1. Give me the angle, in degrees from 0 to 90, between the Cα long axis of helix A:2-20 and the longest principal axis of the Cα atoms of chain A, rounded to the nearest 10.
2. What is the range A:368-523 by shape, rounded, prolate or oblate, if you read a ≥ b ≥ c off the alpha carbon gyration tensor as root eigenvalues and call it rounded for a/c under 1.5, prolate for a/b larger than b/c, and oblate otherwise?
3. In nm, to one decimal, how far is the residue A:83 label point from the residue A:359 one, both placed 7 Å along Cα→Cβ?
4. So between residue A:5 and residue A:217, what do we pick up on full extension, going 0.36 nm a residue minus the alpha carbon distance?
5. Rounded to the nearest 0.05, what FRET efficiency do residue A:439 and residue A:493 give with R0 = 25 Å and r taken as the Cβ-Cβ distance? Could you check?
6. Students often check this: by mean Cβ neighbours within 10 Å, which of A:194-201, A:287-294 ranks highest, and how do the rest follow?
7. Could you line up A:272, A:425 from fewest to most neighbouring Cβ atoms inside 10 Å?
8. Which order do the peptides A:253-259, A:298-304, A:427-433, A:518-524 come out in when sorted by mean C-beta neighbours inside 10 angstrom, highest first?
DNA sequence: GCCGTTTTCGGCCCGACTGTTTTCAGTCG
């Protein structure tokens, strides 16, 4: 859906340009529309074809027309006009940390500065000295921002799986230092967005200063950006920004809600509050001066007559209305998972690896596992686990854990697919050049699972291939699984998801929790997740009599 | 420019922090 991303980017630029021009409310309107387009699961062309553009949140008459113009001609006249009016370099200045539209506009109109290079030159020439509102500290701040942008251009957002271990190290560090009572990560991290722009930590403590001191001295922290009585902002050694706030226990729920977002979700809640004569801020929910809630998130939702909304779906895509009607989905939970349908062992695995895997599965209360016993590597060569290893896996059944044999291969070649008939589960992945699914339909008589597909547009043909079958598609972090946006598309097509479990993985591996988070973010309920179904349902087609045989033996 | 279980007009979140201020403007989330 490259089109959606391009349109979203155009509207974001329009918002910034309007900001520099000093417009009051239009920039937010365009930004809202831009965010909406980014999170669509469907191509804009299809929506426009049905004449439903205006059903997109934040898209009204004027923006719908601009989208149609963009789809028709590839450009937006209004955007082109704004670009002629405002020098392009001003957007780069605007995006420097600490600089906003007002400042960018003043540089442009008062100093004739039209880009970062000119701004640097102006500062070096001393042209900012004595200008009202620009003291030595501010000038130094701008100089530093310019230098930082030049050496490391906008680091942007970080994949969630990359931020995950860092975030947990920060939590561990803060807890170890003492003085912290409640401690949570808020922001898009808590909503399980695919990428995070920064980390928002929220704590309660009787000794905030002690907590801030401890935070400042954690090894991951490179510099302190700002520090006040309730909040500290730091930069990590890897460039990620982290905000830590310490609040009162009676405020914790309200603050957690507030800093978890999303912004659009919060705005929606606020307008509901206003309608009921209430006011929400990060300190609580109030009727006049009276606090009516705020210790927990549920208190705040409840004061608005809403059910508590899971963070993963707080995106203002209809969840507030569902919460009001007590009709929110019951999202899939870790305890719903009955087994794992895609587990790898090392190709030379022996008894110790098998025993460790099976013990792990039992301790995680899984009832079944599908283990890849052979298949085709990415380079086209075949592999199979040693026969004795497969035999040992088969022995697990006697002790209450069903083990199925999976065959993993790419979409090419019937011969390899014929082999897949001999096992319990076929796992198909695209060829390395990301060609689509096989032209032949999924095999009968064996469960199908698709892996290593990648998110975004790459997932669409695979979702179509699996439609109407018992097949499933793996959701989770990384380029090998589909993201929550593609996950939602899969659910809309009636295709089941497969959630990664911690079994067979390192304890610090964030793949499993994030996989579950993405599934929830996609709106998946227990019924939508293949490996959350009753074990008997999942393993019905597995051939118990064949366990113990190698896949090449049949 | 969008939006509406009171609205087709009149709202649009709001508080912390910083730097420059002498009471506030700008940025950020």
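1. 20 degrees
2. Verdict is oblate for the range A:368-523.
3. 6.2 nm
4. 72.3 nm
5. My answer for the efficiency is 0.85.
6. Highest mean packing first, the order is A:194-201, A:287-294.
7. Ascending Cβ contact count within 10 Å gives the list A:272, A:425.
8. The packing order, highest mean first, is A:518-524, A:253-259, A:298-304, A:427-433.
Read-outs throughout are calculated quantities, based only on the coordinates presented, and are distinct from any laboratory measurement. The model shown is predicted, which means the values in this text are computed figures rather than measured ones. Here Cβ is always computed from backbone atoms with ideal geometry, including for glycine, and neighbour counts include all displayed protein chains.
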